[in-house]
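The block underneath contains the structure these notes are about, expressed in structure tokens.
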Amino acid sequence: MAPIRLHPFLLQIRQLCTFNGIARFAVMLWLLALISTIPFPVLSFVEKVGYYDDSMVDICRTHIQLAWHRGYVILTILIFFVLPLIVLFVVYGLICQKLIIQSKDENLSANPRSSSTLKSRRQVVIMLVIVAILFFICLLPFKVVSLWLIYASVEDVESLGLEGYLNLLNFARIMHYLNSSINPIVYNLVSTKFRKYFHRSMKCCERHAQRDSHYLNDYSTHRSGSTTLLGTNGTMVESMSMTTPS
């Protein structure tokens, strides 16, 4: 079976996938995330408002009033949503294209092993497509709500009512958080290899837990038959307990 021919762009990325390269890239991402959140303390403030029982509570608000406030929000949406979405579709599209072309060129249905390889490649293509679509679906509501709150009038927001406003905001937030947890579920549903290695890792953890449990039981049994005394030099001395005959 001929090896999969990768696009030159993907080959360059593969060459950067070393431990040092990944570590530098992770540090750069964390620094970018930290820098991008610096304006939020400037935009946010705490004020006291009346609660439903006429008590005063502190709430955190973010007022987007000036032009640079709107520009900052739009820029974060472009950098952290639109740009990653474009990169995601381009890179995943190149990978899917190469997998499909390679499968057609090799006539993989000639033997059972080749058929298994074809099935695995189809699973990879389906998984990549689903991940890209879910990224778009999960993050889009929060971005749309953010833009709407910036440009909508006070009357439009108040027309939703308190319950409608909170329902809309909570739905957008839940979808946003769901994006961070749904990928392993998709991998488990689509990929046979992911399920196999996931089950293997779970069994490995179970064996380690059982071994630790046996060790603790043996240690507890040993300790139950001894009495710990404090020596004259401050050290712990164990002496076997003895029963006094009646």
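From the list ASN179, ASN183, which residue is of a type in the set (S, T, N, Q) and modelled with pLDDT of 85 or more? Show your work before the answer.
Values: ASN183 fails: modelled with pLDDT of 85 or more.
Matching residue, one of ASN179, ASN183: ASN179.
Tell me, please, whether a residue that is surrounded by 11 or more Cβ atoms within 10 Å (Cβ to Cβ), modelled with pLDDT under 85 and touching a strand residue (DSSP E or B) at 6+ places or on another chain (Cβ under 9 Å) can be found in the stretch 1-14.
No, the stretch 1-14 has no match at all.
If LYS119 passes every condition in (1) closer than 23 Å to SER103 by Cα; (2) surrounded by fewer than 14 Cβ atoms within 10 Å (Cβ to Cβ); (3) not assigned by TED's automatic domain parsing to the domain that holds ALA67 but one, which one does it miss?
The number of the failed condition is (3).
Just to be sure I understand the filter: pairs with C-beta atoms under 7 Å, separated by 6 or more residues or on different chains, first member in the stretch 130-156 and within 19 Å of ILE79 (Cα to Cα), second member basic (Lys, Arg). Which pairs pass?
Within 7 Å, the pairs are PHE142/ARG173; ILE150/ARG70.
Quick one: in the stretch 38-71, which of the residues that are polar (S, T, N, Q) and surrounded by 10 or more Cβ atoms within 10 Å (Cβ to Cβ) is modelled with the lowest pLDDT?
Kept after step one, since they are polar (S, T, N, Q), are these residues of the stretch 38-71: 44, 55, 62, 65.
Still in the running and surrounded by 10 or more Cβ atoms within 10 Å (Cβ to Cβ): 44, 62.
Working: SER44: 85, THR62: 81.
Per the stated criteria, the residue is THR62.
Among the helices (runs of 4 or more DSSP H) lying completely within the stretch 154-203, list those that include at least 2 residues that are closer than 23 Å to ILE137 by Cα.
Filter on the stretch 154-203 gives 161-178, 183-190.
So which helices (runs of 4 or more DSSP H) are wholly in the stretch 33-107 and hold at least 2 residues that are touching a residue at least 60 places away in the same chain (Cβ under 8 Å)? Spell out how you get there, then give the answer.
Numbers: elements: 39-43, 67-77, 83-106.
The helices (runs of 4 or more DSSP H) meeting that bar are 67-77, 83-106.
So if I check each of SER191, SER146, which one is modelled with pLDDT of 85 or more, polar (S, T, N, Q) and touching a helix residue (DSSP H, G or I) at 6+ places or on another chain (Cβ under 7 Å)?
On the way: SER191 fails: modelled with pLDDT of 85 or more.
Sole residue among the options that is modelled with pLDDT of 85 or more, polar (S, T, N, Q) and touching a helix residue (DSSP H, G or I) at 6+ places or on another chain (Cβ under 7 Å): SER146.
The values are calculated or read from the model by the stated rules, or taken from the named source; none is laboratory data. As the structure is a computational prediction, the values presented were derived from the model and not from experiment. Every residue, glycine among them, receives a Cβ derived from its backbone with ideal geometry; neighbour counts consider all protein chains shown.
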